[in-house]
Each structure stands twice: as C-alpha cells, then as structure tokens.
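> The structure follows.
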Amino acid sequence: MIDVRRISNNRWWHNKKNWMLFGIFLFLIFIRISKGSIYKDFYYFISKPFWPGEFQKEVILKSLNQETLINLRLLKKDNIRLREILSLQQSSTNDNISAAVISRKTGSWWRQIILNKGSNDGVEIGAAVIGPGGLLGRVKNTSLFTSSVTLLTSPESKVGVWVDSIQINGLLVGKGDDYPNLILYSKNADLKVGDFVSSSPASSLLPPNIPIGIVQSIDEPFKSKKMAKISLLAKPQAIDWVQILKIKM
C-alpha cells in the first residue's frame, strides 16, 4: 500500500525553499514591470543621510555667484569694446580713415596687421594708425585695397616719444614681444614706473601727443642711457577697427 502521507510531503508547495525562489521570481517580475521604481525609491531613502548638506550648498551658491560676476564683467568689457568699434566706424573725418583689421600677426617676430583700406582709399605709407587706447604703429606699404601696418612691437619699429613727467624725449624700439623698449639718452633721467609715454612733439614721423603706453619696468642705467619696458595702451591682438591718420604736408 502506497504511503499517502509520504507523497503529500513531497509536493513542491510543501518545500519552503521553492516558495522562497517563487517569491524572488515574483519580486523580479514586479521590478521589471515597474521599471525599477521600487528600487529607486528604496535607494532614495537609504542615500538620504549622505546627500550634500548646507556646506556643499553654500559652496555651490558661491561658485554660481562668482560665475555670474565673471559673466557680468565679460559683458561689460564686450559692451565697451563694441562701443569703441562703433565709435571708430563712425568717426571718419577728412583727416582720418576708418579701417577694419582683416589679418594680424601679433604673436610672430615680425608683428603686423593688415587693413581693408589701401591707396585707393587715400592711405599713404608712413601714416600713423591708432586704435582704442592709442598708437598701434605706422603704415608700411599699401595695395589698391589693403595696407600693411608695422606695429610698435615689431623690431622694425622705431618712433620718437615724449615722457611728460620728466619733460624729455626718447626713442621707442620694438623687440618682437609685447613690451617695446624706451631708450632715454640720459642715465640720470628721473624715470619712474607708471610714467606716461606719448608721441613726441619733436617727431617728424608722427602727430604729437598720441597716447602710447606707460612705463612697466626700468632697467639699470647703461653707460650714457637708461632703458625701460613699456606697456602699450592699445592692444593689437584685441582690436578689430582702427583709424588711419592722413599725413599732412
């Protein structure tokens, strides 16, 4: 005779392990159907104690404030620059020619910019070129529709300058970098950092009193002369429009 009790105990639903596996199977199906929402909610609660606190919030807010201030400063600079460009575009007179910079070599040894105005527009070789801030250089050569400008930073550039604070003339010589040399032929000249330099009233190449730059640093006197590095006011690498001053005979 078959033992009915023994067969009944061997049924799968009487096995606890099978029920556990079945429960896990149903749970996985539920997660699949709910697309993991239960898991995400569970993770939400267990990770809550580790969320960024007030300190992290202050750091983030401080960074956002700094970013806003930087953006405002950049917008202010762009606004000033656009005003300068508009002013240069609209300020052509019988003595000035407004021109756009169409090419520049401000990082090379032979520093120059190319303008979109040439001999057909009345540009002459030797004419002074100014931008926002002051003097940039002089016209080296022209074609019918373009002109090439030798910048004050070029080793080819040599112009007479005036230091108003000590009432003395000097020579500004380009070196191929961003800081041309000021040469004063008097080692006893009382030159100081911050002194203002402009084009010389005695110069036969440039109109007088065009702003040029300020004294950045002063070298030790050498024999009968004193030398200094000049920080230029007009920055050719950031200028899009210029004025060409016509030569007056």
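The values are calculated or read from the model by the stated rules, or taken from the named source; none is laboratory data. Since the model is a prediction, treat every value here as computed from it, not as a measurement.
> Can you find a residue in segment 195-202 that is over 30 Å from S103 (Cα atoms) and either modelled with pLDDT under 90 or not assigned by TED's automatic domain parsing to the domain that holds N120 (or both)?
Taking segment 195-202 as the starting set, the residues that turn out to be over 30 Å from S103 (Cα atoms) are 195, 201-202.
If we keep only those that are either modelled with pLDDT under 90 or not assigned by TED's automatic domain parsing to the domain that holds N120 (or both) as well, we get 201-202.
Yes, because at least one residue in segment 195-202 is over 30 Å from S103 (Cα atoms) and either modelled with pLDDT under 90 or not assigned by TED's automatic domain parsing to the domain that holds N120 (or both).
> Please verify whether V123 is assigned to a strand (DSSP E or B) and modelled with pLDDT of 90 or more, treating the condition exactly as stated.
Taking the combined requirement at face value, the residue does not satisfy it.
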